[in-house]
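Encoded as structure tokens, the structure appears first; notes follow it.
The values are calculated or read from the model by the stated rules, or taken from the named source; none is laboratory data. Small disclaimer: the values here were computed from a predicted structure and weren't measured. Every residue, glycine among them, receives a Cβ derived from its backbone with ideal geometry; neighbour counts consider all protein chains shown.
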There are 4 protein chains.
Amino acid sequence: MREKGRSFAEALSQAQALGYAEADPTFDVEGIDAAHKLVIMASLAFTMPLAFDKVYTEGISRISSEDIRYADELGYRIKHLGIARRTDHGVELRVHPTLIPQRRLIANVNGVMNAVLVSGDAVGSTLYYGAGAGAEATASAVIADIVDVARTLDVRPDQRVPAAGVALAEQGDTLVLPEEEVVTSYYLRISAHDKPGVMSQVATICSEQGISIEALIQHEPTEGEELVPVVILTSRAREACLREAVAQIESLETVEGDVVRIRVESLG
Amino acid sequence: MREKGRSFAEALSQAQALGYAEADPTFDVEGIDAAHKLVIMASLAFTMPLAFDKVYTEGISRISSEDIRYADELGYRIKHLGIARRTDHGVELRVHPTLIPQRRLIANVNGVMNAVLVSGDAVGSTLYYGAGAGAEATASAVIADIVDVARTLDVRPDQRVPAAGVALAEQGDTLVLPEEEVVTSYYLRISAHDKPGVMSQVATICSEQGISIEALIQHEPTEGEELVPVVILTSRAREACLREAVAQIESLETVEGDVVRIRVESLG
Amino acid sequence: MREKGRSFAEALSQAQALGYAEADPTFDVEGIDAAHKLVIMASLAFTMPLAFDKVYTEGISRISSEDIRYADELGYRIKHLGIARRTDHGVELRVHPTLIPQRRLIANVNGVMNAVLVSGDAVGSTLYYGAGAGAEATASAVIADIVDVARTLDVRPDQRVPAAGVALAEQGDTLVLPEEEVVTSYYLRISAHDKPGVMSQVATICSEQGISIEALIQHEPTEGEELVPVVILTSRAREACLREAVAQIESLETVEGDVVRIRVESLG
Amino acid sequence: MREKGRSFAEALSQAQALGYAEADPTFDVEGIDAAHKLVIMASLAFTMPLAFDKVYTEGISRISSEDIRYADELGYRIKHLGIARRTDHGVELRVHPTLIPQRRLIANVNGVMNAVLVSGDAVGSTLYYGAGAGAEATASAVIADIVDVARTLDVRPDQRVPAAGVALAEQGDTLVLPEEEVVTSYYLRISAHDKPGVMSQVATICSEQGISIEALIQHEPTEGEELVPVVILTSRAREACLREAVAQIESLETVEGDVVRIRVESLG
């Protein structure tokens, strides 16, 4: 979408024609397919059971070309990421559109290509990149899996090391962090009437929820439009605080419609 | 300074070595020389007496390389401009550093070159550009003036049309707008402690003075520095309101030192 | 054309609709209108008679969007310039599309705006910029001329200084340099079959005419096209030598069609 | 070097201080260390014996900041790559500085980070990226190898699948392509006297060796320098032909010193 400036519907129908999209487009668009892959990788990485029903998923259909442009001006790309992260309070499992700094390698993974970024304690960040769809690439992955299985065929079952390193029965339960507890930065886009008071009201609401404003840009209203798009980058904040702040902003008289909100990850 | 990333002192001493700076550097640096030229042009443009003592002048010595960089990121160049503008309430006469959108021709006038931008009612904007200092260019201008005088030598004095089109005696008095009444946009740089509350306090102060915030960027603190530089672009506001807002911001406990403020002109 | 990526025909018909184009479009497109203005300015600058029939004019209708793009990659803009220059061998009078380095102010004069660049011996380069078409701007210029005439109304005719500084009768004849004698750099675009030999043949032809190659870029052939566009920037060369080189290049078996050629001026 | 504009010696001594450089710096600088890794990966990828003594290695000590800049202008980055590629005539094994198009992910791998790009028949290109030096990252890799060994401890030796998929004894001999037979594009930098003839001589030499010139840029001589740096990008050519062409170019009277040559890979 970003490179060709295409609308979402065009981009989707072309992806389907090329055989890259799942038969049920909501699998791609709503992040279901990414969530499937995320729980497998989280299970391997954190030795935890598959927990598909605990993944928070958010689709890309509400991302507008306006947001892609504003994110670009702020130095970010928008990617549909699945994120599994172990924290002191539980494992985060979430799939959603994400602003990533343009200079990160993963921000430059485009088209049919996919990448997995792994952050380990000693090794630091490593990244694995390849075609994420298409007949040949998928067939290649399936054959590779069969080869892996075949290699262990005459190994005695009790000598096989399970994929996660621990037998399933021995895996303890792992707490998945409820989405409201997740802490991230946010991109917010507010449609406001251009009155001096609105910025101060928004800043006060954010401040009361302990959210700091890192950047705020008032863009030109679109031709023939009265409402002013205001874009805000917040500091890291608990999701619950952010939801409360957004609800209060949406109830302001000087603000129209819903606040667009997209999470931001620095992946530093 | 911008192109070579030099400090102010270096740039000044090189300009003096090259013979570009006035003998008394404050003439350039504090805008006195520009004010001299401004009153002559304002007199010709608006048929008003020379009013040097009514020009508001502000020098460039407080512009830091930090401000040049932040302005650049926002799409602006900083130029030391003299501005004479006829408004309904009086003529503005002011010399000060000014943020100008990078895409304007006048934002790309560098080094020893100068330009005069004239906005007429029917002709629109016209611009006159040439060397603004140096022995040869100055000599050329002096000779051109002598040629102009010589051409009128044998014209009968009573037939000469005065430069301003009207005899000095017939020129009425022209109100020069006090600087507090001038309306412009502003670039503000605040050194703040990074607490969620500070943005909301600043936004509230601006709002109470009828000043809208067009953009606000919180930059990374410099290495080993605790204070966060916050850059704000304001809507157009009366100077008196802005001064009041700045005084209140400077008195906040979460803000340290003076607020840097530079006027912004779109020259659209 | 460059900014909107429009074709020549679209750009022309829009300019006509806006009242910017001359009634006879060839006046603009073929540079006739520019030639009219050029001879007036040359007459004032060099105290020479109006010499419209000696102006070399070349239109813009053959400039393709491909050339605009290739010029851009090399750091140039293409502008339709009228050039009058006094040389030791005569005055150059020519109107043609010209590649100008992007960093020059005059390369950034777009749309309906025009600029005149004057290079004097002592003053160096000066530039005069304003709207070059449109009802109001044209009316403003006409009124300004009438005011100038009116100011001299009661001056005794024998005391008037002629515009050129010298009475017409006293103006000597000025040699206009034939176009073949003019020395400039050139942008050449050749459509070649992709064979190793062609570059060496072209380089040998240029070398034999005393023309050095400053840059040579072989671009990708357009989709479904076999011919390779080769773009060359030459050193400064006499027009006659360049014409001979182009004729020989066009006669090569490995080259198809005409060589596109556009003059280059550094305006340094 | 590119990002900080540092000289080679500075960059090396800082890398040593940080513990990133091998004890014997020639291991890094001359590509010995990269060659070690290359033959292991080639052995796994192409089921061939380790063939360290057949690797062509070329160091980075002759890359100048000038070449980094010229490559940048042409849209390339210079990276020290190890390349193993199976061709119809044998396997290429070579380590050398390489120009890579800037838009490739691998061109944006900087600092201590390393990446391996694998092109498979069905899967296409995949890339593996991570820290290539440093105590913790190295320790992590060593531990991972030990874990892998431990996992196979109680597998019966005759049931283990060898790393390359085939027992060493059954591996046939694989022809390593002599460096003279390798076919790549080339970046050449020639120091020439600025005479029209030199370009035609160079183009003729290239043409006689079947080498086509894709781009040729004559740069400005450095201050106080008479020689003109001429940069050439060639089409793909056999190394032997290129060596012959370079020898002939170096023997031209109009050319001084050695021709700098760096291979170019599009990695498309």
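If the condition is being of a type in the set (Val, Ile, Thr) and under 10 Å from the mean Cα position of the chain (by Cα), then region D:78-101 contributes D:78, D:83, D:95, D:98, D:100.
No other residue among C:74, C:127, C:99, C:105 is of a type outside the set (Phe, Trp, Tyr), more than 9 Å from chain B (Cβ to nearest Cβ) and in contact with a helix residue (DSSP H, G or I) (Cβ under 9 Å, 6 or more places away or on another chain) apart from C:99. Looking across region D:193-211, the residues that are crowded, with 21+ Cβ neighbours inside 10 Å and small (Gly, Ala, Ser) come down to D:200, D:203, D:207. Here residue A:240 passes the criteria (1) more than 17 Å from the chain's Cα centre (by Cα); (2) more than 18 Å from residue A:92 (Cα to Cα) except the one numbered (2). Among the residues of region A:120-172, those identified as of a type outside the set (A, V, I, L, M, F, W, C), modelled with pLDDT under 90 and surrounded by 13 or more Cβ atoms within 10 Å (Cβ to Cβ) are A:132, A:134, A:151, A:152, A:159, A:171. Inspection of region B:256-268 identifies no residue that is buried (at least 17 other Cβ atoms within 10 Å of the Cβ) and part of a helix (DSSP H, G or I). Those helices (runs of 4 or more DSSP H) of region A:23-119 in which at least 2 residues are surrounded by 16 or more Cβ atoms within 10 Å (Cβ to Cβ) and not β-branched (Val, Ile, Thr), considering only elements entirely within it, cover A:32-46, A:65-73.
The rows are residues; the columns are (1) in a helix (DSSP H, G or I); (2) out of contact with any Lys or Arg (no Cβ under 8 Å at 6 or more places or on another chain); (3) at the interface with chain C (Cβ under 10 Å from one of its Cβ atoms).
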| site | (1), (2), (3) |
| --- | --- |
| D:198 | yes, yes, yes |
| D:201 | yes, yes, yes |
| D:214 | no, yes, yes |
| D:217 | no, yes, yes |
| D:225 | no, yes, no |
| D:233 | no, yes, yes |
| D:240 | yes, yes, no |
| D:246 | yes, no, no |
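Taken over region C:250-268, the residue count meeting the criterion of being in contact with a strand residue (DSSP E or B) (Cβ under 7 Å, 6 or more places away or on another chain) and within 20 Å of residue C:97 (Cβ to Cβ) is 11.
Annotation note: of C:44, C:12, the sole residue that is at pLDDT 75 or above and on the phi < 0 side of the Ramachandran plot is C:44.
Taking first residues from region D:172-200 that are free of Cβ contacts under 8 Å to residues at least 40 places away in the same chain and partners that are β-branched (Val, Ile, Thr), the Cβ contacts under 7 Å between residues at least 6 apart in sequence or on separate chains come to D:194/D:228; D:196/C:211; D:199/C:213; D:200/C:204.
The set of residues from region B:222-248 being more than 21 Å from residue B:199 (Cβ to Cβ), of a type in the set (Gly, Ala, Ser) and in contact (Cβ under 8 Å) with a residue 40 or more places away in the chain comprises just one member, B:240.
Please work out if residue B:208 is under 29 Å from residue B:83 (Cα atoms), among the acidic types (Asp, Glu) and out of contact with any Leu (no Cβ under 8 Å at 6 or more places or on another chain). So residue B:208 fits the description; yes. Among the residues making up region C:34-62, those that are hydrophobic (A, V, I, L, M, F, W, C) and under 12 Å from the mean Cα position of the chain (by Cα) are C:34, C:35, C:38, C:55, C:60. Screening region D:20-67 for residues that are of a type in the set (Gly, Ala, Ser) and in contact with a helix residue (DSSP H, G or I) (Cβ under 7 Å, 6 or more places away or on another chain) and picking the one that is nearest to residue D:116 (Cα to Cα) gives D:35.
When region C:175-185 is limited to residues that are touching a helix residue (DSSP H, G or I) at 6+ places or on another chain (Cβ under 6 Å) and not in a helix (DSSP H, G or I), the one that is nearest to the other protein chains (Cβ to nearest Cβ) turns out to be C:182. Summed over region B:142-156, the residues that are outside any loop (DSSP other than H, G, I, E, B) and either within 22 Å of the chain's Cα centre (by Cα) or more than 7 Å from every other protein chain (Cβ to nearest Cβ) (or both) give a count of 9.
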